[in-house]
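Please read the structure below before turning to the comments.
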Amino acid sequence: MILTPEVFGMKHLSGSLVTIVFIVLFLWLSLRPSVNRKVILRMSALLLIALELFKYTYTIATDGSIGAYMYPFNLCSFSLYVMPIVAFGKGKFARFMTPFTYAVGLLAGLLVLLYPSNVLGNSDQWFPVTEVLPFHSFIYHGNMIFFSIYLAMSKSYVPKFLDFTKALLVLLLSAAFANVLNFILDTDYMLLHYGNGSPFQFVIEDVSYVAYLGVMSLVGLVLIILLFLPTAFQSKKIKG
């Protein structure tokens, strides 16, 4: 069988499996009583920034420049801004941003592991290494997932169901900002302009662009609610 870098192909499934294994391993190591929770969160936030800088450095070294499509305004890129706020910040603003930080890490990270349509590269296998950025992407998004899960498991943040409103508000503001840039820079941040790699791209072609934005907004709403829905049942169980 010829392996191809397709969604649900061997490269995708093996990459996602290894990423999950490492997330579980690091959670197990980081949740030990002797570990400083705040230090782990700060290290994870700094790692994300370092990975982003590595991507730019590597791309410039190999291609001579970086395209506008690589600027940090995709869904996963917003973790670059909010993870340090939560890890290093204090006060009301940090607390307000925490639900979005928790949600975007899980949402964007899991979407890449489940549907990595734009990050698998061109090679049909991981080894021998001919492409670096697919490795980078799985590490980057795995770190986002780790940060979000660690926030909750370490009790640094206790998710509540109504927190989905705060997360959704910041998500919509981020999406609006990213889409303004899409039309200025002719890019596809958050898959909101051309929908390249989106399973709902057909809506643009078969219905309309406005309908596509409506579908993506609805999908975002549903996914955010689903992330916080388990906490609603937990609170009811505690009250009961």
| request: Just name one of V132, A87, L120: the one whose Cα is farthest towards the positive end of the charge dipole of the stretch 33-134 (beta-carbon charges, Lys/Arg +1, Asp/Glu -1). | output: A87
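With an 8 Å Cα cut-off and a minimum separation of 6 or more residues, compute the relative contact order for the chain in percent. It would help to have the intermediate numbers written out before the result.
On the way: 249 pairs, mean separation 57.0, N = 240.
It comes to 24 percent, rounded to a whole number.
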| field | Approximate spin-label separation L13-K90, in nm, with each point projected 7 Å along Cα-to-Cβ | value | 5.0 nm
| Estimated Rh, the stretch 29-124: Kirkwood, alpha-carbon pairs, angstrom | 15.2 Å
| In sequence order, calculated HN-Hα J values of the stretch 201-213 (Karplus, 6.51, -1.76, 1.60; Hz; x Gly/Pro) | 4, 4, 5, 4, 6, 8, 10, 6, 5, 4, 5, 4, 4
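Work out the length of the dipole vector of the stretch 30-99 about its Cα centre, built from +1 on the beta-carbon of each Lys and Arg and -1 on the beta-carbon of each Asp and Glu, and round it to the nearest 20 debye. Could you put the intermediate results ahead of the total?
Numbers: 8 positive and 2 negative charges, 121 e Å.
So the magnitude is around 580 debye.
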| query | Which sequence of D124, D206, D188 reflects their accessible areas, 1.4 Å probe, from the largest down? | reply | D206, D124, D188
| query | Under the classification rounded if a/c is under 1.5, otherwise prolate if a/b is larger than b/c and oblate if not, where does the stretch 148-240 fall, given a ≥ b ≥ c as square roots of the Cα gyration tensor eigenvalues? | reply | prolate
| About its Cα centre, how strong a charge dipole does the chain have in debye, to the nearest 20, once Lys and Arg get +1 and Asp and Glu get -1 at the Cβ? | 1740 debye
| said: Leaving out ligands, DNA and RNA, and with a 1.4 Å probe, what % of the accessible surface on the stretch 11-92 is carbon or sulfur? | reply: 74 percent
| task | Tabulate in residue order the Karplus-calculated ³J(HN,Hα) for the stretch 13-29, using 6.51 cos²θ - 1.76 cosθ + 1.60 with θ = phi - 60°, rounded to whole Hz; enter x for Gly and Pro. | result | 5, 5, x, 5, 5, 5, 4, 4, 4, 5, 4, 4, 4, 5, 5, 4, 6
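For the chain, report the accessible area per residue in Å² (1.4 Å probe, heavy atoms, rounded to an integer).
Accessible surface, normalised per residue, equals 55 Å².
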| said: For a test of understanding, tell me how many lysine pairs in the chain have Cα atoms under 20 Å apart, given they are 8 or more places apart or on different chains. | reply: 16
| said: Using Cα springs under 10 Å in a Gaussian network model of the chain, which residue among F146, F54, F164 shows the largest mean-square fluctuation? | reply: F54
| query | Which of Y212, G67, L31 sits farthest toward the positive end of the charge dipole of the chain, with +1 on the Cβ of Lys and Arg and -1 on the Cβ of Asp and Glu? | reply | L31
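The values are calculated or read from the model by the stated rules, or taken from the named source; none is laboratory data. The shown structure was predicted, so the numbers you read here are calculated from the model rather than taken from an experiment. Here the Cβ is made from the backbone with ideal geometry for all residues, glycine too, and neighbour counts use every protein chain on show. To get the accessible areas, we keep the full protein, side chains included, count just its heavy atoms, and leave off ligands, DNA and RNA. Shrake-Rupley method; radii C 1.70, N 1.55, O 1.52, S 1.80 Å.
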